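The values are calculated or read from the model by the stated rules, or taken from the named source; none is laboratory data. In this text, all values refer to a predicted model and were calculated from it rather than measured experimentally. Every residue, glycine among them, receives a Cβ derived from its backbone with ideal geometry; neighbour counts consider all protein chains shown. The area values use the complete protein model at the heavy-atom level, side chains included, leaving out ligands, DNA and RNA. Shrake-Rupley method; radii C 1.70, N 1.55, O 1.52, S 1.80 Å.
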Amino acid sequence: MPDAFETRAIHVGQEPDSSTGAIVPPISLATTFAQRGVGDHAGYEYARSGNPTRASLEACLASLEGARHGFAFASGLAAEDALLRRLRPGDDVIMGNDAYGGTFRLIARVHEPAGVSWSAVDLTDLDALDAEWRDETRIVWIETPTNPLLTVVDIEAIAGVAHARDAIVVVDNTFATPYLQQPLALGADAVVHSTTKYLGGHSDVVGGFVALNDESIADEIGFLQNAVGAVPSPFDCYLVLRGVKTLALRMERHCENAHVIAQMLQEHDAVDRVLYPGLPEHPGHDVAKRQMRDFGGMVSFTMHEGEDAALDVVALTRLFTLAESLGAVESLIEHPARMTHASAAGSPLEVDAALIRLSVGIEAADDLADDLRQALDYTLA
Ligand SMILES: *Cc1c(COP(=O)(O)O)cnc(C)c1O
């Protein structure tokens, strides 16, 4: 039996330093490593290719995703780019129709000009996936729950379809984290993360990660990590490792608080629809219950009175800070149509201007509910 998740988060890749006994993996800043003879070294040659702090992070996160291989990158988008660079001109990607705006931009504006075709479909509808399928489709790119609509996609069902047709499934597990959802165990071929979010958890580091089991894809990703060089600094690796130690505890509180907030929003007259997979009436609730341990810390909702009311609310909260990003200890609020998803305007991924997205932090739930309530009340006055 491997150790439990919480234990591995603290110990895997982080044994006390063999020469000094240091309990915390040192931030290993050396860019080059002495060789005893040509090619005879302790596993490290040059720090872009690999360094001890990054190796600690890669071992730890791979373990948490139940993966044989893990690769750390300088950002979530750099990690995504490595998976997409495996494609050749003529290859096709199918992504969900509310993918993260940056993912959409990367595929549509960087990889499409390089000859990759794509389509965006509602991945909760297997008939729609079937209709968009092409002989050239190589990747189905899933986010679940999605950003910002919190749509839940059935990973196992999509993997079944994709594997029958020789395509791979990539899951962006940023919103759920490996604590709540383990895509590889559900049949996905690769997991990608923005470690900038819950894994780092403190809004102080940008990073990305790829986890997978397949040896030949791992060889390609390892090659690209070194050949392209979008690698995280040792200090960044240290910060993510530090964040991950408390991931389980933080996620439990994020989920608890998000439940409280979702319920409060449902009861407020200014609010039209609340999008949270933990609500029994959410269309993805049953799938989420099956494939997730809990429902996460992200909550979105729409205002009855449209965009103006939404802009008022995001300006009026005091504890929920108006800012992009998500997944850290402090609560954030944002307006996707004008902020995180502005680049999707006019595309199939354009979002409702009445929508507000919350990253519910780990402050006291009552303080958070009071803060939101006063902002919502104002719009009714
Ligand atoms: C933030 C985010 C990304 C991009 O990650 P960066 O670290 O900002 O490059 C990708 N997917 C999701 C779901 C995200 O929230």
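The table below lists the values:
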| quantity | calculated |
| --- | --- |
| Tally of residues being open to solvent by less than 60 Å² (accessible area, probe 1.4 Å) and over 17 Å from residue 199 (Cα atoms) across the stretch 5-22 | 3 |
| Enumeration of residues in the stretch 144-173 that are charged (D, E, K, R) and surrounded by fewer than 24 Cβ atoms within 10 Å (Cβ to Cβ) | 154, 156, 165, 166 |
| Pick from the stretch 299-329, criterion within 16 Å of the ligand (Cβ to nearest atom) and either at pLDDT 95 or above or open to solvent by less than 20 Å² (accessible area, probe 1.4 Å) (or both), ranking: nearest to residue 356 (Cα to Cα) | 300 |
| Top-ranked residue of the stretch 183-211 - restricted to ones that are of a type in the set (A, V, I, L, M, F, W, C) and within 13 Å of the ligand (Cβ to nearest atom), ranked as nearest to the chain's Cα centre (by Cα) | 192 |
| Failed item, numbered, when residue 158 is tested on (1) under 14 Å from residue 95 (Cα atoms); (2) within 16 Å of the ligand (Cβ to nearest atom) | (2) |
| The stretch 37-58 - residue that is hydrophobic (A, V, I, L, M, F, W, C) and out of contact with any Gly (no Cβ under 8 Å at 6 or more places or on another chain) and, of those, most open to solvent (accessible area, probe 1.4 Å) | 38 |
| Positions within the stretch 330-356 being open to solvent by less than 10 Å² (accessible area, probe 1.4 Å) and closer than 26 Å to residue 239 by Cα, in sequence order | 331, 333, 334 |
| The stretch 65-75, residues that are within 12 Å of the ligand (Cβ to nearest atom) and crowded, with 24+ Cβ neighbours inside 10 Å | 72, 73 |
| Residue list for the stretch 109-130, restricted to those being within 21 Å of the chain's Cα centre (by Cα) and crowded, with 17+ Cβ neighbours inside 10 Å | 111, 118, 119, 120, 121, 123, 124 |
| Evaluation of residue 25 against (1) out of contact with any Lys or Arg (no Cβ under 7 Å at 6 or more places or on another chain); (2) modelled with pLDDT of 95 or more; (3) crowded, with 17+ Cβ neighbours inside 10 Å (one fails), failing number | (2) |
| Count of residues meeting criterion [without any contact (Cβ under 8 Å) to a residue 40 or more places away in the chain and open to solvent by less than 20 Å² (accessible area, probe 1.4 Å)] in the stretch 179-235 | 1 |
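Each row is one residue, and each column tells you yes or no for (1) in contact with a Gly (Cβ under 6 Å, 6 or more places away or on another chain); (2) on the phi > 0 side of the Ramachandran plot; (3) part of a loop (DSSP other than H, G, I, E, B).
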{"residue": "62", "(1), (2), (3)": "yes, no, no"}
{"residue": "67", "(1), (2), (3)": "no, no, yes"}
{"residue": "70", "(1), (2), (3)": "no, no, no"}
{"residue": "78", "(1), (2), (3)": "yes, no, no"}
{"residue": "82", "(1), (2), (3)": "no, no, no"}
{"residue": "87", "(1), (2), (3)": "no, no, yes"}
{"residue": "98", "(1), (2), (3)": "no, no, yes"}
{"residue": "102", "(1), (2), (3)": "no, no, no"}
